[in-house]
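Some notes on the structure that comes next.
Nothing in this text is a laboratory measurement; each read-out follows from the coordinates by a stated rule. The structure displayed is predicted, hence computed values, not measured ones. Heads up, the Cβs are rebuilt from the backbone with ideal geometry, glycines too, and the neighbour counts pull from every protein chain shown.
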Amino acid sequence: MKPEFDKVYDVIVVGAGPAGLTAALYCGRAGLDTLVLEKLSPGGQMATTNEIENYPGFPGITDGFTLAMNMKIQAEQFGVQQTYAEVQALRVDGETKRLETKDGVYRARCVILAPGAAPRLLGLPNETALRGKGVSYCATCDGAFYRGKTVAVVGGGDTAAADAVFLSSLCEKVYLIHRRDTLRASKSYTRKLDKPNVEILWDSVVTEILEDGRVCGIRVQNVKTQAERELALDGLFVAVGNVPATDFARGAVELDSAGYFTAGEDTRTNLPGVFAAGDCRKKPLRQIVTAAADGAVAAYAAEAYLS
Ligand SMILES: Cc1cc2nc3c(=O)[nH]c(=O)nc-3n(C[C@H](O)[C@H](O)[C@H](O)COP(=O)(O)OP(=O)(O)OC[C@H]3O[C@@H](n4cnc5c(N)ncnc54)[C@H](O)[C@@H]3O)c2cc1C
């Protein structure tokens, strides 16, 4: 069955990552007429990693693509429709929400926004090619693969400091590389960095990632003295922020200063009948399990709204 422009769905879900696919599964199972719009491929960020070790119920290492396909199939088993479309704008037309794509406008009584977020890159030439080969954007996800090894974390905010603290309990040595002479991170994190295996390189930037098929080191430059040094490393954790994919809803749905939907744990946005789930929402921990949990909560809220 092809998705239709001239009907009003009960629920349209934007994004087929773990948040969107879980929301769709719960909506379908509740008997709601549900359509998922995905601009690229199902699974979102999850589908870009081969090594998931922390999704409950899957001991050992699971690959994200398989998990994504299973989530998609499970939602479809409950009658959910999915189609490829990038939502360019969201508008509210009385009780009906309009989702504009380049091919036409989809309409629904309720919308679950699950467009996710993407890690901000350092912008070094071989960075993307080394993703999964020593370059990581998620210490919670990948830290355990670096037990007993030497790693560096780049960044100066709460995430970078928390990642360095977390990694210091697993790794032999952790460098924290920050381009300024003080961290932006809160005291509760910086205090914990005072450990023998943590070394902070102040006023420093990574200018090159050294590789032998995977990360084997980095070149670091002091921005004040211009002095350069090389560090031998097994892993490079980049923690310089995330970019939420929320631009299409800007002006319609409330965002915080970093661009995340301000919706709380109940996933309700400032617009009645519009919910936000997963990494796109302001929250402390962005993981598959928290995205899936948000998706379930959003579907529950949508069902309550519709009835
Ligand atoms: C390399 C990597 C490894 C990771 N490893 C782990 C791990 O081991 N364990 C773990 O728990 N977490 C891991 N994470 C984090 C986890 O993948 C995310 O927290 C999770 O995928 C967030 O789910 P989400 O559904 O909110 O968003 P996403 O996964 O980002 O999915 C959002 C989807 O929405 C689509 N979309 C965006 N904008 C639009 C639009 N305008 N119109 C239509 N579609 C749109 C996107 O194409 C995407 O498919 C990892 C992340 C990365 C990048």
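Subtracting the Cα-Cα distance from 0.36 nm times the residue separation, let me have the gained length for residue 214 to residue 226 in nm, one decimal. Working shown, then result.
Values: separation 12, 0.36 × 12 = 4.32 nm, distance 2.67 nm.
Working it through step by step, the gained length comes to 1.7 nm.
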Zero-based 20 Å bins, Cα pair distances in the chain, whole percents: 33, 50, 17, 0
Mean separation of Cα contacts under 8 Å, 6 or more apart, over the residue count of the chain: relative contact order %: 21
To the nearest 500 deg cm²/dmol, what mean residue ellipticity at 222 nm is calculated for the chain from DSSP H runs of n ≥ 4 alone, each contributing -39,500 (n - 2.57), summed and divided by the residues? -6000 deg cm²/dmol
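If you count the DSSP beta bridges with both ends in the range 1-117, what percent of them are antiparallel, to the nearest 5?
45
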With Cα atoms, 0 to 90° folded angle of helix 158-168 axis to the chain main axis: 60
Contour minus Cα-Cα span, residue 100 to residue 58, at 0.36 nm per residue, comes to 11.4 nm
With x for Gly and Pro, the residue-by-residue ³J(HN,Hα) of the range 102-111, computed from phi through the Karplus equation 6.51 cos²θ - 1.76 cosθ + 1.60 at θ = phi - 60° and given in whole Hz, is 5, 8, x, 10, 9, 10, 8, 7, 9, 10
Which are the unpartnered cysteines of the chain, meaning those with no other cysteine Cβ under 4.7 Å from their Cβ? 27, 110, 171, 216, 280
Whole-Å distance, taken between Cα centres, linking the range 189-220 and the range 59-123: 36
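Hey, fewest Cβ within 10 Å first, where do 188, 257, 136 land in order? Spell out each step's value before the answer.
Values: 188 11, 257 5, 136 26.
Neighbour counts put them in this order, fewest first: 257, 188, 136.
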Contour minus Cα-Cα distance for residue 120 and residue 88 (0.36 nm per residue): 9.4 nm
For residue 208, other-chain or 5+-apart residues with amide H closer than 5 Å (H placed, Pro excluded) are 219
Amide H neighbours of residue 112 at under 5 Å, excluding residues fewer than 5 places away on the same chain, with H built from the backbone geometry, are 12, 13, 14, 275
Mind checking which lysines have their Cα closer than 19 Å to the Cα of residue 192? Skip sequence neighbours fewer than 8 apart in that chain. 173
Which FRET efficiency, nearest 0.05, do residue 140 and residue 78 yield, Cβ-Cβ r, R0 30 Å? 0.50
What ³J(HN,Hα) values, in whole Hz, does the Karplus curve 6.51 cos²θ - 1.76 cosθ + 1.60 give for the range 292-307 when θ = phi - 60°, with x put for Gly and Pro? 4, 4, 4, x, 5, 5, 5, 5, 4, 5, 5, 4, 5, 4, 5, 8
Compute the helix-to-body angle for 64-76: its Cα long axis versus the longest principal axis of the chain, expressed 0 to 90° and rounded to tens. 10
Relative contact order for the range 11-80: what percent, with Cα pairs under 8 Å and sequence separation of 6 or more? 38
Tell me which residues come under 5 Å, amide H to amide H, from residue 33 once H is placed; ignore anything under 5 positions away on its chain. 10, 11
Spelling out what I want: for every residue of the range 169-181, take phi, set θ = phi - 60°, compute 6.51 cos²θ - 1.76 cosθ + 1.60 (Karplus), and round to whole Hz; glycine and proline get x. 7, 10, 9, 5, 9, 10, 9, 10, 10, 10, 6, 10, 9
